[in-house]
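S.K.: Got a structure for you, questions after.
The values are calculated or read from the model by the stated rules, or taken from the named source; none is laboratory data. For clarity, every value in this text was computed on a predicted model and none was experimentally measured. Ideal geometry is used to build each Cβ from the backbone, glycine not excepted, and the neighbour counts take in all protein chains shown.
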């Protein structure tokens, strides 16, 4: 892969992660026209369209979804190779304690952690996968991965990932029910939500330049987002799913996105860690498990060798 290919891959993943050409250009410090040229060159070389643009958002084609997944794997191996080269002769050890949301942890964190555990057999892990709010200072965790900025004092936070939201239903459900052509149609459909309190819920969209709030009476309520996904796959209703859960199902056709032009927000994943220098483990974890590109070659799994010398117990 030559330098041009790397810049095209970088631009493509920036669009995926930032959900738009303009945001990708700002992230990489180039013009939007440069991003467009790189994507056009990439699609020409591959011979397939990877990105579909609408008036409000960028949608990956099936080929784009597969390519993004494969590209992340390649770049992950590149970052891992750099990490092994840089950490030659040193091996981290000790206990890492982290808390994270259940669905995001299972889908996005555990695969990275498994690779880390295989690479460093002296590391030990204690994980709390739950959707409860955890006071990491009170409970002694090194790191909290959250879907919102930590509000707790005494912590520093860093964005490690970003995902988009998609309104999804199974082909079976859509074939048996009235079409969904505008957000207001959702009020008459069986909706599946992740919710703990109250029998009603509100879904908010940007539609035709207006902010719309639809109040629904959910037919199915689950405390776990992976359960929401499973219920949608089984054809029981319509759900709003995060891209890290819906991506493969959309690519395979098991789920279909409806209201693709609806403006749903992109969500940041944030890691909060203790500010005191007595917890070097959290810095090690962040560098190992971050999914966010850090340089021109998109180190999706950032190398952790710079913290290994301070991790030993």
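S.K.: Would you mind stating whether residue 214 is modelled with pLDDT under 85 and in the same structural domain as residue 246 (by TED's automatic domain parsing)?
M.R.: Working: modelled with pLDDT under 85: yes; in the same structural domain as residue 246 (by TED's automatic domain parsing): yes.
The answer is yes for residue 214.
S.K.: Restricting attention to region 102-114, and to residues there that are touching a residue at least 24 places away in the same chain (Cβ under 8 Å) and out of contact with any strand residue (DSSP E or B) (no Cβ under 7 Å at 6 or more places or on another chain), which single residue is surrounded by the most Cβ atoms within 10 Å (Cβ to Cβ)? Show your work before the answer.
M.R.: The initial filter retains those residues of region 102-114 that are touching a residue at least 24 places away in the same chain (Cβ under 8 Å), namely 102-109, 112-113.
If we keep only those that are out of contact with any strand residue (DSSP E or B) (no Cβ under 7 Å at 6 or more places or on another chain) too, we end up with 103, 107, 112.
Values: 103: 22, 107: 20, 112: 17.
Of everything passing the filter in region 102-114, 103 is surrounded by the most Cβ atoms within 10 Å (Cβ to Cβ).
S.K.: Checking residue 220 against (1) modelled with pLDDT of 80 or more; (2) out of contact with any strand residue (DSSP E or B) (no Cβ under 8 Å at 6 or more places or on another chain), which test does it fail?
M.R.: With respect to (1) modelled with pLDDT of 80 or more; (2) out of contact with any strand residue (DSSP E or B) (no Cβ under 8 Å at 6 or more places or on another chain), residue 220 is out only on (2).
S.K.: Within the group 271, 239, 246, which residue is in the same structural domain as residue 129 (by TED's automatic domain parsing), buried (at least 21 other Cβ atoms within 10 Å of the Cβ) and under 26 Å from residue 100 (Cβ atoms)?
M.R.: Working: 239 fails: in the same structural domain as residue 129 (by TED's automatic domain parsing); 246 fails: in the same structural domain as residue 129 (by TED's automatic domain parsing).
Result: 271 is the single residue among 271, 239, 246 that is in the same structural domain as residue 129 (by TED's automatic domain parsing), buried (at least 21 other Cβ atoms within 10 Å of the Cβ) and under 26 Å from residue 100 (Cβ atoms).
S.K.: For region 181-194, name all the residues that are part of a loop (DSSP other than H, G, I, E, B) and surrounded by fewer than 19 Cβ atoms within 10 Å (Cβ to Cβ).
M.R.: Correct list: 181, 182, 189.
S.K.: State yes or no: is residue 160 within 23 Å of residue 17 (Cα to Cα) and at pLDDT 85 or above? Step through it out loud before you land on a result.
M.R.: Details: within 23 Å of residue 17 (Cα to Cα): yes; at pLDDT 85 or above: no.
The answer is no for residue 160.
S.K.: Only one of these is within 30 Å of residue 187 (Cα to Cα) and either over 17 Å from the mean Cα position of the chain (by Cα) or modelled with pLDDT of 80 or more (or both): 155, 174, 143. Name it. Walk me through it before giving the result.
M.R.: Numbers: 155 fails: within 30 Å of residue 187 (Cα to Cα); 143 fails: within 30 Å of residue 187 (Cα to Cα).
One residue alone meets the criteria, 174.
S.K.: Hey, can you tell me all the residues within region 38-59 that are more than 19 Å from the chain's Cα centre (by Cα) and either surrounded by fewer than 15 Cβ atoms within 10 Å (Cβ to Cβ) or part of a strand (DSSP E or B) (or both)?
M.R.: 40, 44, 45, 46, 47, 48, 49, 52, 53, 54, 55
S.K.: Quick check: is even one residue across region 239-253 in contact with a helix residue (DSSP H, G or I) (Cβ under 6 Å, 6 or more places away or on another chain) and in a loop (DSSP other than H, G, I, E, B)?
M.R.: no
S.K.: Return only the number of the condition from (1) closer than 13 Å to residue 240 by Cα; (2) modelled with pLDDT of 80 or more that residue 195 does not satisfy.
M.R.: Only one criterion is unmet by residue 195, namely (2).
S.K.: Right, next: Return the pairs, sorted by first residue and then second, in which the second residue is at pLDDT below 65 and surrounded by 12 or more Cβ atoms within 10 Å (Cβ to Cβ), the first residue lies in region 84-101 and is assigned by TED's automatic domain parsing to the domain that holds residue 133 and at positive phi, the beta carbons are less than 8 Å apart, and the residues are 6+ apart or on different chains.
M.R.: Partner pairs satisfying both residue conditions: 94/281; 94/311; 94/312.
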